[in-house]
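Participant: Handing you this structure, nothing more for now.
The values are calculated or read from the model by the stated rules, or taken from the named source; none is laboratory data. Since we're looking at a predicted model, the values are computed, not measured. Because the Cβ atoms are built from the backbone with ideal geometry, glycine has one as well, and the counts that use them run over all protein chains shown. Side chains included, ligands, DNA and RNA excluded: accessible areas come from the protein's heavy atoms. Shrake-Rupley method; radii C 1.70, N 1.55, O 1.52, S 1.80 Å.
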Amino acid sequence: METTFNTTVSPIIKPSQLLEHWQGHRSLTRRVIEAFPEDAFFNYSIGGMRTFADMVMELLGIAAPGTKEIATGKTVQLIEKINHNNQKAKILELWDKSTYDINTYWAQIKPEQFQDSIKSFGQFEGTVWSAIFYFIDNEIHHRGQAYVYLRALNIEPPFFYER
């Protein structure tokens with residue numbers, strides 16, 4: 001059963017509020033990256049999971065490029081390997097650039113586009129809003145894994161609610 005929406009009613013959340021919510025998560029994830037000792041960031045894992053550096057590479061490969069794809073309508077390739085020379089400072093630089101790029105491309109997305117169908121990275125079918133929710137949910141998921149790593153390293157992670 002398809003639900004129809006009354007377009008004369010205000011949305012539950014404005015695009016600017018969704019971006020603010022997402023950027024709050026990104027700010028928290030950045031603080032989690034900062035909390036890792038350099039060596040552990042690139043080398044520590046538990047139970048066969050990837051290092052947090054590898055997870056962050058995935059997040060960098062999805063967020064800004066995915067937002068650019070939505071804004072421009074041009075399919076981009078999903079690239080999860082980014083040169084960082086095993087330097088956390090380089091990762092943080094890339095994170096900050098990604099944050100800037102998200103803001104830049106977000107401003108180009110029209111509110112009516114959120115219901116449009118999209119095939120993210122030429123592979124994943126959904127709507128614009130479902131792709132954006134995936135970008136956010138995926139980041140939260142990997143940040144949760146990083147919290148486990150930090151606690152196993154006897155490091156107190158940032159409070160999850162301080163965004």
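Participant: Residues that are part of a helix (DSSP H, G or I), touching a strand residue (DSSP E or B) at 6+ places or on another chain (Cβ under 8 Å) and open to solvent by less than 30 Å² (accessible area, probe 1.4 Å): does the stretch 84-100 have at least one?
Facilitator: Pass one, the stretch 84-100, residues part of a helix (DSSP H, G or I): 88-100.
Then keep just the ones that are touching a strand residue (DSSP E or B) at 6+ places or on another chain (Cβ under 8 Å); that gives none.
No.
The rows are residues; the columns are (1) assigned to a helix (DSSP H, G or I); (2) open to solvent by 30 Å² or more (accessible area, probe 1.4 Å).
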| site | (1), (2) |
| --- | --- |
| Ala40 | yes, no |
| Ser45 | no, yes |
| Met55 | yes, no |
| Pro65 | yes, yes |
| Glu69 | yes, no |
| Lys74 | no, yes |
| Gln77 | no, yes |
| Lys81 | no, yes |
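Participant: Something else: What residue, of Ile155, Ile132, Ile109, Ile118, is closer than 18 Å to Glu38 by Cα and open to solvent by less than 90 Å² (accessible area, probe 1.4 Å)?
Facilitator: That would be Ile155, the only listed residue that is closer than 18 Å to Glu38 by Cα and open to solvent by less than 90 Å² (accessible area, probe 1.4 Å).
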